[in-house]
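Colleague: Got a structure for you, questions after.
The values are calculated or read from the model by the stated rules, or taken from the named source; none is laboratory data. Given the structure is predicted, the values throughout are model-derived calculations rather than measurements. Note that each Cβ is placed from the backbone with ideal geometry, even for glycine, and that neighbours are counted across all protein chains shown.
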Protein chains: 2
Amino acid sequence: MSAEKEDYLVLEKQLCFSLYSASHRLVRSYRQLLEPLDLTYPQYLAMLVLWQQSELNVKELGEKLHLDSGTLTPLLKRLENKGLVSRTRSQLDERVVHIHLTEQGKALKNQASHIPVAIFQQSGLPLAQLLELKQSCDLLFQQLDTL
Amino acid sequence: MSAEKEDYLVLEKQLCFSLYSASHRLVRSYRQLLEPLDLTYPQYLAMLVLWQQSELNVKELGEKLHLDSGTLTPLLKRLENKGLVSRTRSQLDERVVHIHLTEQGKALKNQASHIPVAIFQQSGLPLAQLLELKQSCDLLFQQLDTL
DNA sequence: CTGAAGTATATTGCATACAATTCAATTGAG
DNA sequence: CTCAATTGAATTGTATGCAATATACTTCAG
């Protein structure tokens, strides 16, 4: 192996490991904040979508969250068990399952309203740097997604 | 809820979602490259550490990878089953388990040597931007880890 | 020396991720 | 119209993450 290639196989030099670790630590920060709402982070993401658009189907939700039905089906069943959403088969096309917020699900939004600011404060980074970080992540995602 | 707070509860504006999605897509890119080596991404991270330091214990590995024994113990058992590492209790302190590379584990490094460059190329981003992204992730991790 | 406190790993339980497969429903080419 | 191809969800199986707990071992105060 060349010295150059050798040199790249070092944990601390790997962008992906940094991204991977930062992402997990951020989710951990959310975990504390979400505990009073009895939501996990992926469940919170699903609720974010539904708070914007109170009804959509599994496929549409999956496209927004970049997750497939293997992940979403059990997650949505848990949200249903908590009384936050309901799942109903479409009359027009029985393959499609519509997800919509219950009143309880809508009400939960108020309890979540402080979370974005709380996370921003915990990050301790200036807003400009966070926005730049977000843009780079979005670009990277896009590049890898179109391969 | 204030209009300002309302405005933050939008999926597409959340840094964490961008980080979360980019991280998962990057791991997906690794998955293809790692398939011939029969390694998952977290297993590859563990091997990266071991390729630098062929013997260390579970606690030390956990500190480097930011993972606990609940994740590492089964992962290391899988690496052991593949014949890449061996796990032995310390004689001096029976609580400690030493992990070390087998010859087969050492040999696998050659097959991994092309991966960092391949990932860099797939990202399609200039090196400078990737380095900046890495630095921001490292800083964010550090901030959240010291709370 | 001895029991309490601390430490390193393992186990358990739950919730993702995601590939692969299945199944029912729908669509579309001929 | 008809059957093969496609589609949307669900299911299955594997591998993380991680909190909580258990266990065995070590250390240390008295």
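Colleague: Which of (1) away from DNA strand D (no atom under 16 Å from the Cβ); (2) at pLDDT 95 or above does B:SER113 not meet, given it meets every other one?
Modeller: That leaves (2) as the condition not met.
Colleague: What residue, among those in region B:57-73 that are closer than 16 Å to A:GLU12 by Cβ and charged (D, E, K, R), is farthest from DNA strand D (Cβ to nearest atom)?
Modeller: Among those residues, the one meeting the criterion is B:GLU60.
Colleague: I'd like to check something: does region A:93-100 contain any residue that is more than 13 Å from chain B (Cβ to nearest Cβ), within 14 Å of DNA strand C (Cβ to nearest atom), of a type outside the set (A, V, I, L, M, F, W, C) and surrounded by 15 or more Cβ atoms within 10 Å (Cβ to Cβ)?
Modeller: Within region A:93-100, one or more residues are more than 13 Å from chain B (Cβ to nearest Cβ), within 14 Å of DNA strand C (Cβ to nearest atom), of a type outside the set (A, V, I, L, M, F, W, C) and surrounded by 15 or more Cβ atoms within 10 Å (Cβ to Cβ).
Colleague: Test A:SER2 against the stated conditions and say whether it is away from DNA strand D (no atom under 14 Å from the Cβ), modelled with pLDDT under 95 and surrounded by 14 or more Cβ atoms within 10 Å (Cβ to Cβ).
Modeller: Numbers: away from DNA strand D (no atom under 14 Å from the Cβ): yes; modelled with pLDDT under 95: yes; surrounded by 14 or more Cβ atoms within 10 Å (Cβ to Cβ): no.
In short, no.
Colleague: Pick from region A:66-80 the residues that are more than 6 Å from DNA strand C (Cβ to nearest atom) and farther than 19 Å from A:ASP38 by Cα: which of them is surrounded by the most Cβ atoms within 10 Å (Cβ to Cβ)? Before you say what the answer is, go through the steps one by one.
Modeller: Pass one, region A:66-80, residues more than 6 Å from DNA strand C (Cβ to nearest atom): A:66, A:69, A:72-73, A:76-77, A:79-80.
Checking which are farther than 19 Å from A:ASP38 by Cα leaves us with A:66, A:69.
Values: A:HIS66: 16, A:SER69: 13.
Once the filter is applied, the top-ranked residue is A:HIS66.
Colleague: For A:VAL117, indicate whether it is facing chain B (nearest Cβ under 9 Å) and under 19 Å from B:ALA22 (Cα atoms). Lay out the reasoning, then the answer.
Modeller: Numbers: facing chain B (nearest Cβ under 9 Å): yes; under 19 Å from B:ALA22 (Cα atoms): no.
Criteria not met by A:VAL117.
Colleague: Say whether the condition of being more than 15 Å from DNA strand C (Cβ to nearest atom), within 19 Å of B:LYS13 (Cβ to Cβ) and either within 11 Å of another protein chain (Cβ to nearest Cβ) or touching a Pro at 6+ places or on another chain (Cβ under 6 Å) (or both) is met by at least one residue in region A:34-52. I'd like the intermediate steps shown before the answer.
Modeller: First, the residues of region A:34-52 that are more than 15 Å from DNA strand C (Cβ to nearest atom): A:36, A:51-52.
If we keep only those that are within 19 Å of B:LYS13 (Cβ to Cβ) too, we end up with A:51-52.
Checking the rest, the ones that are also either within 11 Å of another protein chain (Cβ to nearest Cβ) or touching a Pro at 6+ places or on another chain (Cβ under 6 Å) (or both) come to A:51-52.
Yes, region A:34-52 contains a residue that is more than 15 Å from DNA strand C (Cβ to nearest atom), within 19 Å of B:LYS13 (Cβ to Cβ) and either within 11 Å of another protein chain (Cβ to nearest Cβ) or touching a Pro at 6+ places or on another chain (Cβ under 6 Å) (or both).
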